[in-house]
Amino acid sequence: MGGNIMSRSPMLGARLRRLRKDRGLTQVKLAEILGISPSYLNMIEHNDRPLTVSLLLKLSEALGVDLRDFSAGDEVRIKSDLEEALSDPMFGGTRPSAAELDEFVTSVPDICRSFLRLYRSYRNSREDVEALTDKLASSPYLVASSHSVRTLLTSVRSFSEILLDNIDLAAAERQQFLGIVVDGTEKLTLQVDELLRFITGENLDNLLDSRTPAEEVGDFTERNDNFFDDLDRRAESLRAEIGMETVGLFSRLSEVLRDRFGIEVETSGAGDGNRGGAVMPAVRLEPGPGGAGGRLIVRDDLALPSLRFHLARETGRRAAADLIDTWVGEAELSPASEDLCRDYLAEYFAAAVLMPYDAFLDRARAYRYDVERLSQAFGVSLEQACRRLATLRRPGEEGVRFHFLRIDGAGNVFRRVPGSGLPIPRFAGICPRWNVHAASGRPGTVDAQVLQLADGSAYLSVAFGQRRPGSGYNAPDGSYALALGCRLEDAGELVYSGGLDLTRSETFLPVGVTCRLCERTDCAQRAHPTLIHAVERGPSASDKPALKTARKQAASLSD
């Protein structure tokens, strides 16, 4: 089902319409090129019919279209981010229609990106101001420092007035008072500098930065639909060369690092070589003379899948260095984000070495995407298998399109890979009704549920409760949760759909994306009022407490 049909996104139809107009083609002429009727093309452009892979291939052959241009991931993400940003109370309930947003995003995507950068800057500034306010209001240091500044000011002013009012002071006495004034001003300067450093900290230096490095790299990977075919193929070649068997893969990767790159792999205890018994990082590279070769030291208490992954990642940094440098150059990232992007691409290569595209996709289909069986078959962790499933996007050989999430026990999103079409919030917390929240407190559990949004779209969500590997008895709670999901129409391909009625919407779990974008006003778990149709309806009883808070926030911003 997932191999020949593209995601039915309004962006794809709009993008096809824009391509046709840019080439000066009528619907009749383009329909003739594609071998379909003008009426069918019209339905595709209006998203009443899906744009299939076979039609995309014809576009590529006849018009020289790059298939990556028809990855809707970037524009879908922009639309989702715009909807979320416009839900902020500062916009007063502004709510463009879905059709208006589709047209806006496809017509002027650069303006949309600029708006989102501006909104991110506003959000970062507001968060910094709120943090600074809390810091100042609760700091005993500030109270003591303020007292010290006032005392010094009083002293300087008093002795300055003495000098001003008593012009007949003896020279020695005047010199003494001048020394007191100079000493006081020096102390005052130091005190003010210290106070300013305390107030500003490091946060305000970057007040106007619109994106963190993680956000910047995330945008880059989403623009490429989380798929890098040249890295996949380079990794497949290496895996075919060293052998497809899982057993012995650690030693084979160690040999590649030693023989090709002069790097000896060693294992070490978690506290070896560290003063005070501090735990060493999972991987530490000690470069050789002149930066060539060296030693790669990995902790011996890591799980075997982690050991393999670290070795595959370090191999990728070197075996695919040219490809990684090319991608980083094309990404046009800020200098602060480039190293993080290299890390991500090296991790992508590592996943492709451990789970080669064709072999992994074939096994995934045979296992009906059973993640636990896949992790066992390829000797990888559950999270590694989930993330790999979310990158199977090769045109003509595409797997089910998944989204992937990792959240901690507090609901913070640590990893987000869009792909299924389910909007994943960027600026706020995800809906508390998603089953991934409950799974975060139940390590070892698997929960499958159909989530239905207010617009009728539905997604199969599979949540896995996890505990951080290697957490000792006295270690802090390391529980977290993973979520893997797909569109309802693809759910039948997954083993997790067994026992679920995929035809009766009354059995689906009603959810939202985030509270401000959810129309379900009767939700007992609502944390904020919805801004959808806010002008058309009055607040419900469940909305009123959150609405009062939102109004106070909006009022404080306008003051």
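Read-outs throughout are calculated quantities, based only on the coordinates presented, and are distinct from any laboratory measurement. Quantities reported herein were computed from a predicted structural model and do not represent experimental measurements. So basically every Cβ, Gly included, is an ideal-geometry build from the backbone, and we count neighbours across all protein chains shown.
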For this session: Using only Cα atoms, locate the centre of the range 429-451 and the centre of the range 362-404, then give the distance between them in Å, rounded to an integer.
Result: 20
Seminar exercise, completed: Assertion target for L164, L30, L55, ordered by fewest C-beta neighbours within 10 angstrom first, is L164, L55, L30
For this session: Determine, for each peptide in 17-24, 220-227, the mean count of other beta carbons within 10 angstrom over its residues, then list the peptides with the highest first.
Result: 220-227, 17-24
For this session: Would you mind working out the magnitude of the charge dipole of the range 211-354 relative to its Cα centre, with +1 at each Lys and Arg C-beta and -1 at each Asp and Glu C-beta, to the nearest 20 Debye?
Result: 580
Exercise. From the backbone phi of the range 400-412, what are the Karplus-calculated ³J(HN,Hα) couplings (6.51 cos²θ - 1.76 cosθ + 1.60, θ = phi - 60°) in whole Hz, Gly and Pro given as x?
Worked result: 4, 7, 10, 9, 9, 9, 10, 10, 8, x, 8, x, 6
Exercise. Expressed in nm to one decimal, what extension gain is obtained for the pair N166 and R318 from 0.36 nm per residue of sequence separation less their Cα-Cα distance?
Worked result: 47.0 nm
Exercise. If each residue's Cβ is checked for other Cβ atoms within 10 Å, how do S237, S80 rank with the fewest at the top?
Worked result: S237, S80
For this session: Using every Cα-Cα pair within the range 405-445, state what percent have a distance larger than 14 Å.
Result: 47
For this session: Averaging sequence separations of C-alpha pairs under 8 Å and six or more residues apart, then dividing by the length of the range 211-354, give the relative contact order as a whole percent.
Result: 30
For this session: Mind ranking 347-353, 252-258 by how tightly packed they are, going by the mean number of other C-beta atoms within 10 angstrom, highest first?
Result: 347-353, 252-258
Problem set entry | Cα convex hull of the range 376-513 - mean projected area over all directions, nm² | 9.4
For this session: Could you give me the radius of gyration and the Dmax of the range 287-388, taking only the C-alpha atoms into account and expressing both in angstrom?
Result: 15.7, 50
For this session: Kindly work out what percent of the DSSP beta bridges joining two residues of the range 211-354 are antiparallel, to the nearest 5.
Result: 45
Exercise. How big is the Cα convex hull of the range 10-70 in projection, averaged over all directions, in nm²?
Worked result: 3.5
Seminar exercise, completed: Taking the dipole of the range 376-513 about the Cα centre (Lys, Arg +1; Asp, Glu -1; charges at Cβ), the one of G499, F414, S440 that reaches farthest to the positive side is F414
Problem set entry | If the convex hull is drawn through the Cα atoms of the range 211-354, its volume per residue in Å³ | 132
For this session: Order the peptides 178-190, 313-325 from the highest to the lowest mean number of other Cβ atoms within 10 Å of their residues.
Result: 313-325, 178-190
